[in-house]
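Engineer: Before I ask anything, here is the structure I am working with.
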2 protein chains.
Amino acid sequence: MSIRNLLGQTSEWLRGTGPNADIVMSSRIRLARNLDALAFSHWASKRQEREVLTRSEAAFAASKILKGSILIHMNDISDLDKQFLLERHLVSREQIVRPEFKAVAISDREMISIMVNEEDHLRSQVMQSGFALQEGWRIANQLDNELSVTLPFAFDPHWGYLTACPTNTGTGMRASVMLHLPALVMTKQVNRVIQAITKLGMVVRGLYGEGTDAEGNLFQVSNQITLGQSEPETIDHIERIIRQIIGHEENARKQLIKQNRELLYDKIWRALGVLKNAYIITSKETIHHLSMVRLGADLGVLPEFGRKDVNELFILTQPAHLQRMDGKLLSQSERDIKRALLIRQKLGGN
Amino acid sequence: MSIRNLLGQTSEWLRGTGPNADIVMSSRIRLARNLDALAFSHWASKRQEREVLTRSEAAFAASKILKGSILIHMNDISDLDKQFLLERHLVSREQIVRPEFKAVAISDREMISIMVNEEDHLRSQVMQSGFALQEGWRIANQLDNELSVTLPFAFDPHWGYLTACPTNTGTGMRASVMLHLPALVMTKQVNRVIQAITKLGMVVRGLYGEGTDAEGNLFQVSNQITLGQSEPETIDHIERIIRQIIGHEENARKQLIKQNRELLYDKIWRALGVLKNAYIITSKETIHHLSMVRLGADLGVLPEFGRKDVNELFILTQPAHLQRMDGKLLSQSERDIKRALLIRQKLGGN
């Protein structure tokens, strides 16, 4: 498999299935690990960076769970492909600048990806569809065990895993879920919810992580704390909070259907009407409407659309994906036309 | 026939046929007439107003061309019905305030309507579909001849027909056409065109006459001058100007298709997408989108829609029409829901 094949496949986390998949788009476990006796990435010499990469590659090749995965050296791929991996949530923004000695391993259906020489030597993530942090943790833990056979991770009996940034020290684990909260946004309750969970040690971000807006009513919620609690404790804590948010969103949806049905239907059907008919559309407008169509699918208002189709469109309509599909670089206005065409085709528009 | 029946029929002028019907929605000839030896409406005593009304009714009853017409006393109908007649362009705003002794005669398919005791004693109008001022004038002239047999019109050999406002004195005729100029608006040429024709003695107004906006890209163009030229001269003058505007709009449409096809298609299809899918929609938004759908029908982009259907929706979606259809008074938000439902039904939406 190569990067070429990714375009044609649906990422595991976009399947639109799994527990509470109507509200929880995806779950993600991320582990930060560093090799003992080598400087953290930001301080590492080129020789050290090369060593991290070489030893990681060997460890990946020996891992059972990574069998069939591909390894992409960031230096070997075009800027467009870098952007493409970013849009698929396989690499971070930091991973695509200064690409030397940076790499990413990607497993079958993109369930696991491991960035090498990002902020930490290794950043492993496991992505699952729906509300499935336990399952994600099980896989991440298995991967971690396999890799630690050949890679001596920097670990302190008192502090736990050592990381480049102290906010990750301890478990090195970030458990996060991508929540689709359109009803809480529409009923203007979302800010209150965010404030409450922030006080409970949670961090809330947009679709593309730190510093991004909650476009498309998508909110990424993750644990702040990595120190002083075990991974299962962290996951248990975040799960309890997420279950509460799910309850709030469910109530808000019921409330909208009961008290403001026309407004809800208006937003859902108009969004579909625009997506099925536009000939020019920006990425931002697309995400906004897709959120409403996803809500419509979830509420059974638009029964003909599957959650998977809508989830995929969130990713496929991003700039690099459009250009990869077309096989060439496109200007912004060309992309807006191409995006509209793709959406019309996928949703059966005019 | 009564006012009840009007709702179910398509007004003659909305048929969407006739010369240049893709750009000229309708043509209208209006004649202002006053009865000799009776004060103009604004100065008339109640006795005089009653006399105007009584004598007019007798004249209408004797007219061949008005055979089968109905006469509605403004005092006898509800505010909703008054608004309904206004929306159908059968009465003016002035005719629905202070309704005493005011009336309107309406002929078959609303081709002719005559307001009694408006600014002038009689205001006759003939409405035609498409660019048909000559035909309108032929009918208006026949009507005028018939009425003048029994009604002595105030006429001065030097000044011509005398009217309450000197701007109508002379022929008392206002010839106007309703133009649909979306391409001139989109290509930002319309202001230049309006300025030019204003200098040529034309008046430009919106869909509902003086002081209204050109909503839905609809512009009403009429002659300013009623003095010093015959009716055929006035019509010839306005016809020549309208033909030029038609040419400009045709060029602008060709230009858009050639140079900005995606933008044009985007506006047309999005408009249809919204109209077919909205559950709540205001009158203003409706007119805006209908304009685009009409353009789409005219350009063959939306071949499944006839111009008549779209023309009708311009009128049927107005507030009083919605309430007449529903048989009861509706709040604004109820109307916005009702309007959306009607449009979805008419356009075959979800």
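Engineer: Scan the range A:321-333 and tell me whether some residue there is open to solvent by 20 Å² or more (accessible area, probe 1.4 Å), under 26 Å from B:L264 (Cβ atoms), touching an Asp or Glu at 6+ places or on another chain (Cβ under 8 Å) and in contact (Cβ under 8 Å) with a residue 24 or more places away in the chain.
Structural biologist: no
Engineer: Related question: Being within 21 Å of B:L295 (Cβ to Cβ) and part of a loop (DSSP other than H, G, I, E, B) is the filter here, so list the residues in the range B:12-54 that pass it.
Structural biologist: B:R15, B:G16, B:T17, B:G18, B:P19, B:N20, B:A21, B:D22, B:I23
One line per residue, one yes/no per condition, for (1) open to solvent by less than 20 Å² (accessible area, probe 1.4 Å); (2) assigned by TED's automatic domain parsing to the domain that holds A:E233; (3) assigned to a helix (DSSP H, G or I); (4) over 30 Å from A:L330 (Cα atoms):
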residue: A:S56; (1), (2), (3), (4): yes, yes, yes, yes
residue: A:N75; (1), (2), (3), (4): no, yes, yes, no
residue: A:Q83; (1), (2), (3), (4): no, yes, yes, no
residue: A:P99; (1), (2), (3), (4): no, yes, no, no
residue: A:V104; (1), (2), (3), (4): yes, yes, no, no
residue: A:M115; (1), (2), (3), (4): no, yes, no, no
residue: A:E119; (1), (2), (3), (4): no, yes, no, yes
residue: A:W137; (1), (2), (3), (4): no, yes, yes, yes
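Engineer: Looking for something within 11 Å of chain B (Cβ to nearest Cβ), outside any helix (DSSP H, G or I), out of contact with any Asp or Glu (no Cβ under 7 Å at 6 or more places or on another chain) and buried (at least 18 other Cβ atoms within 10 Å of the Cβ) - is there at least one such residue anywhere in the range A:336-350?
Structural biologist: Taking every residue of the range A:336-350 in turn, at least one turns out to be within 11 Å of chain B (Cβ to nearest Cβ), outside any helix (DSSP H, G or I), out of contact with any Asp or Glu (no Cβ under 7 Å at 6 or more places or on another chain) and buried (at least 18 other Cβ atoms within 10 Å of the Cβ).
Engineer: What residue, among those in the range B:312-332 that are at negative phi and part of a loop (DSSP other than H, G, I, E, B), is nearest to the chain's Cα centre (by Cα)?
Structural biologist: B:Q318
Residue-by-condition table, conditions (1) open to solvent by 60 Å² or more (accessible area, probe 1.4 Å); (2) farther than 19 Å from B:A278 by Cα; (3) within 13 Å of chain B (Cβ to nearest Cβ):
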site: A:Q255; (1), (2), (3): yes, yes, no
site: A:E262; (1), (2), (3): yes, no, yes
site: A:W269; (1), (2), (3): no, no, yes
site: A:V274; (1), (2), (3): no, no, yes
site: A:E285; (1), (2), (3): no, no, yes
site: A:H288; (1), (2), (3): yes, no, no
site: A:S291; (1), (2), (3): no, no, no
site: A:A297; (1), (2), (3): no, no, no
site: A:V301; (1), (2), (3): no, no, yes
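Engineer: Only one residue in A:E312, A:E304 is at pLDDT below 95, of a type in the set (D, E, K, R) and touching a Leu at 6+ places or on another chain (Cβ under 6 Å). Which one?
Structural biologist: Values: A:E304 fails: touching a Leu at 6+ places or on another chain (Cβ under 6 Å).
Result: A:E312 is the single residue among A:E312, A:E304 that is at pLDDT below 95, of a type in the set (D, E, K, R) and touching a Leu at 6+ places or on another chain (Cβ under 6 Å).
Engineer: Since A:A154 meets every condition but one in (1) more than 23 Å from the chain's Cα centre (by Cα); (2) surrounded by fewer than 17 Cβ atoms within 10 Å (Cβ to Cβ); (3) among the small types (G, A, S), which condition does it not meet?
Structural biologist: For A:A154, the failing item is (2).
Engineer: If you don't mind, there's one more thing I want to ask. Does A:Q318 meet the test of being more than 12 Å from every other protein chain (Cβ to nearest Cβ) and buried (at least 19 other Cβ atoms within 10 Å of the Cβ)?
Structural biologist: Criteria met by A:Q318.
The values are calculated or read from the model by the stated rules, or taken from the named source; none is laboratory data. Predicted model, so just to flag it, every value in this text is computed and none were measured. Cβ coordinates were reconstructed from backbone atoms using ideal geometry, including for glycine residues, and neighbour counts include every protein chain displayed. The accessibility values were calculated without ligands, DNA or RNA, using every heavy atom of the protein model including side chains. Shrake-Rupley method; radii C 1.70, N 1.55, O 1.52, S 1.80 Å.
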